[in-house]
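The values are calculated or read from the model by the stated rules, or taken from the named source; none is laboratory data. Everything numeric here is computed off the predicted structure, so don't read it as measured data. A quick note on method: Cβ atoms are made from the backbone with ideal geometry, for glycine too, and the neighbour counts reach across all protein chains shown. Keep in mind that these areas ignore ligands, DNA and RNA; they rest on the heavy atoms of the full protein, side chains included. Shrake-Rupley method; radii C 1.70, N 1.55, O 1.52, S 1.80 Å.
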Amino acid sequence: MTKPLTNVTSFARTSGLAGTIRVPGDKSISHRALMFGALAIGETRVQGLLEGEDVLNTAKAMRALGASVERVEGPSGVSWVVRGRGVGGLLEPDGVLDMGNSGTGARLLTGLLASHAMTAVITGDDSLRSRPMGRVVEPLQSMGGSFVSRSGHRLPLTVIGTGDPLPIVYQSPVASAQVKSAVLLAGLQARGATTVIEPAATRDHTERMLRHFGAEVVSEPVTDRPGAVAVTLTGQPELEGSDVVVPGDPSSAAFLAVAAIITEGSDITLQSVGLNPHRIGLFETLREMGADLVMENERDEAGEPVGDLHVRSSKLKGVTVPADRAPSMIDEYPILAVAAACATGETRMEGLAELRVKESDRLAAIAAGLKVCGVSSVIEGDTLSVQGAPPGHVPGGGVVSVNMDHRIAMSFLVLGLSAERAIGIDDESAIATSYPNFLGHLTKLGAKIKKTDISLVGGGV
Ligand code: S3P
């Protein structure tokens, strides 16, 4: 470290996390509830919406496009009420649409704008402005949208949309729910059927919610391409405003689950966590590693599977995580790397190319953070291998650079719970994008926050 840092956040090493937490609403589902509500006729009432910065930026964008979006506090708690404009009915915004840190917000919005006869400009923060938009621009161009962007299809991006998009059959080269969703959103306004073929199944929240709002969406395996899925939407449906109950975000629950697993004497319950089969690869992997993690009270809420997670501290061993599991845990590798650092032996994670284009280059950020904490890891191509040691044996004693990435920030704070010396992060503000009350929830479970000033070159916490 070369410059002094003040007020560095870390957790003191602790034991015995205990209690029950309801983690915040699912980020993917929250974005979609606001966007689909804006495209529906009538009222959409959303309960459990994630009130993180990413989703609040989507709410602002929907207002700028002419939908009414209101936060209402009633006797049964907070709900968000969206009054939409119907498919194809959004209005041209009179300012730039700033999607902050959110790749999902920006990419899904691009699909919406490309299928309306309007011109609009999308931008975002330093992290989002460095992320590739070509993956959505390319199929949307073939549907009739026009785009002007910075080099490498990066934001700011001007979208010149068409009111009469062409239905297409798109073979996506990447397994990405954002790409699939952007094309399907544009396909809503097309005359005919739009098909996206994804090389491997990704989260299907768009498909489930579109059906919930009245659209016809069919998913089927592709014969002779093992793992590939073809998703077909019939264009120009009447979307009807509907009630949406947003489950707890499994990607947020992941941080508390791993915190409990690596902290001696812990026993926690995470209530109403979304258990969509395309999102639970981390929980499967943790169990393979030996984690005491049980799904209880499994049920269905508004078209999504939900349950409670009961998690106790456990002795972990290293495993190999195959590449074909990546789509179901794509956001969970930073926190899996933390679990791997506290597992006996080596954990090998394969097929991680997509991590390079997340909120930061997560592959590099994970390896750099582990190094700061005294944990060895190796990147070979798209594979990351972490050499672990039992909980309590991670040296720690450094400050991890967050690089505007909420998941890197939360992961390394969690590792500090069982490290020999504290682990600090250089910026806690990023956490608000997806989990505004993260520090509060860990404190409620019994963790203690430390604030430290570090003034020595190379100093630790
Ligand atoms: C998301 C899809 C994933 C994921 C992101 C949310 C979504 O991105 O990483 O956090 O809501 O569709 P990719 O589509 O780039 O894999």
Residue under evaluation residue 336, criteria (1) open to solvent by 20 Å² or more (accessible area, probe 1.4 Å); (2) within 16 Å of the ligand (Cβ to nearest atom), criterion not met: (1)
Can you tell me which residue in region 1-42 is farthest from residue 400 (Cα to Cα), limited to those that are modelled with pLDDT of 95 or more, among the β-branched types (Val, Ile, Thr) and open to solvent by 30 Å² or more (accessible area, probe 1.4 Å)? 41
Looking at residue 293, is it closer than 22 Å to residue 247 by Cβ, open to solvent by less than 40 Å² (accessible area, probe 1.4 Å) and touching a residue at least 24 places away in the same chain (Cβ under 8 Å)? yes
State whether the residues of region 24-39 include one that is within 14 Å of the ligand (Cβ to nearest atom) and aromatic (Phe, Trp, Tyr). yes
Being closer than 27 Å to residue 326 by Cα and either touching a Phe, Trp or Tyr at 6+ places or on another chain (Cβ under 9 Å) or surrounded by fewer than 24 Cβ atoms within 10 Å (Cβ to Cβ) (or both) is the filter here, so list the residues in region 392-404 that pass it. 400, 401, 402, 403, 404
Can you tell me which residues in region 274-315 are outside any strand (DSSP E or B) and touching a Leu at 6+ places or on another chain (Cβ under 7 Å)? 282, 283, 285, 286, 287, 289, 290, 291
Within region 200-216, residues within 15 Å of the ligand (Cβ to nearest atom) and over 19 Å from residue 246 (Cα atoms) come out as 200, 201
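Could you check region 88-106 and list, in sequence order, the residues that are in a strand (DSSP E or B) and among the aliphatic types (A, V, I, L, M)?
Listed by number, the list holds a single entry, 97.
Conditions tested, residue by residue: (1) over 21 Å from residue 337 (Cβ atoms); (2) outside the structural domain of residue 51 (by TED's automatic domain parsing); (3) not in a loop (DSSP other than H, G, I, E, B).
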position	(1), (2), (3)
195	yes, no, yes
209	yes, no, yes
227	yes, no, no
256	no, yes, yes
261	no, yes, yes
265	yes, yes, no
272	yes, yes, yes
Region 171-193, residues that are within 15 Å of the ligand (Cβ to nearest atom), open to solvent by 20 Å² or more (accessible area, probe 1.4 Å) and assigned to a loop (DSSP other than H, G, I, E, B): 173, 174, 175
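If you check 44, 110, 58, 104, which single one turns out to be within 16 Å of the ligand (Cβ to nearest atom), under 22 Å from residue 237 (Cα atoms), outside the structural domain of residue 360 (by TED's automatic domain parsing) and of a type in the set (S, T, N, Q)?
110
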Would you call residue 6 more than 16 Å from the ligand (Cβ to nearest atom) and under 30 Å from residue 399 (Cβ atoms)? yes
Sole residue being open to solvent by 10 Å² or more (accessible area, probe 1.4 Å), within 19 Å of the chain's Cα centre (by Cα), on the phi < 0 side of the Ramachandran plot and touching a residue at least 24 places away in the same chain (Cβ under 8 Å), chosen from 132, 93: 132
